[in-house]
Amino acid sequence: MKTQFDKSRIVNVYSPNLPPFKLTLTFKTTFNDVRNQIIQGWSVIPKRVRIFNQNGHELIEQDLQFVLDGNKLYITLFGQDLDASIIFQEYEIVSEIGKGGQGTVLLARHKFIGSFVAVKITRDIEEEDSIIKRESKILKELQHRNIVKVFQTLYFSKTKECIIIMEYLDGGSLLQLIRNKGTVSEQEAKIYIKQIVEALLFCHSKTFVHRDLKLENIMLVNQGNTWVKLIDFGLAGVAGTQRETETMNVGTLPYMPPEVLNGKLKFVSPCVDVWGIGVIMYSLLYGKLPFKGRTNEEKVSNILLCNFQHELSVSEEAKDLINRIFVPKNNQRISIQEILAHKWIGGNGFTQFRRLLKKQENPYIKNSKRKNDFEIRKKSVYDEQKVRISLPLIRYRANSQETIIDISK
């Protein structure tokens, strides 16, 4: 019985400084056959062909029979290693859209399809236990409408570079939303919180805990709609993992729960994400973080004591949910499932908003015709040499001296 590998397959091939072409593979294709197609397709005589899959791993001749139809391959013709510059054969860098402890994020446009993507590049990383590689592996397992999609991951062992190509989310973060609007209505906050909770329920069902929930890590898919997605799973952990094998005190200080700050958390636990939901909900409704302080020590003290204040502008149902989240002992805190069932989340009018939400989609994934949106930025295409930026990988800790963004300013 014939399988899909016995049939002729067409794959897209990219090589530095050459246009792409389509390579034909069969069950019996050898490297010499590939070389002959290269000579015919590119009119170049290669000295030493090296073939890499779409994740950047080098293939041996026997691997060719397992390459699927429609896959992409990268080829170097003179024995050189593959590096991050290969993405410029496929994508045009439009601009830089973010920097962080885990790398640089660029807006890029596919040269042939026209769709926009976000390209996250990190250098000087180790192959084993890399935060960015772990993030990529986790996101591949988390296919959910409220979690950012990863299309491709490339790792280059020689240069210690890693590239993650993800969907581009154009609407900005919830932090930017609060800075622009001050606060949002309770009805709008419900839309965001319910989506976040549903995404986290899915994560927890797959045993993953985000551990770095914050306004910056919740992105609106497009401007003007209410569809949000979780991003940045670099600090995510596996639920139940013990302290000996997983660092517990990670996150961003204003969003960290008491059990992390006091060192009593011995296992990676979903209760950390519950606390993060509370901080996000409070910030959306009040336009400020719940636990203030002039110094990090004061902030830690207020978190440990659950010292925060409500305002009259918020409903009693919203206050009740926040109160049930901000409980010092994590075993007495409301669960993710209970949040979803809480009266505030299921209030009147939510069904209509949910129907509207289902109609919203990301035009940068399905519609590449919105080219004019970026005409101004494309006039000064991002310098490709600047992509090779090395930024240290960091884990935010309770005693971190990093400047904490105060959204109340």
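Taking amide H atoms as placed 1.01 Å from N in the peptide plane, the amide H of residue 97 lies under 5 Å from those of 105, 106, 107, each 5 or more residues away in sequence or on another chain.
In sequence order, segment 32-37 has phi-based couplings of 5, 5, 4, 4, 5, 5 Hz under the Karplus curve 6.51 cos²θ - 1.76 cosθ + 1.60, θ = phi - 60°, and Gly or Pro positions carry x.
Pairs spanning more than 18 Å between alpha-carbon atoms, out of 7/28; 120/206; 99/206; 194/319: 120/206; 99/206. Evaluating 6.51 cos²θ - 1.76 cosθ + 1.60 at θ = phi - 60° for every residue in segment 280-297, the Karplus couplings come out as 5, 4, 4, 5, 5, 7, 10, x, 7, 6, x, 10, 9, x, 6, 10, 4, 5 Hz, glycine and proline recorded as x.
Computed from the C-beta positions of residue 317 and residue 92 and an R0 of 41 Å, the FRET efficiency is 0.25 to the nearest 0.05. Can you bin segment 9-82 into rounded, prolate or oblate? Criterion: square roots of the alpha carbon gyration tensor eigenvalues sorted a ≥ b ≥ c, rounded for a/c under 1.5, prolate for a/b above b/c, oblate for the rest. The shape class here is rounded.
Listed from fewest to most Cβ neighbours within 10 Å, the set 316, 298, 161 follows the order 316, 298, 161.
None of the figures in this text is laboratory data; all of them are computed from the coordinates on show. What you see is a predicted model; the values in this text were computed from it and never measured. Cβ: placed from backbone, ideal geometry, glycine included. Neighbour counts: every protein chain shown.
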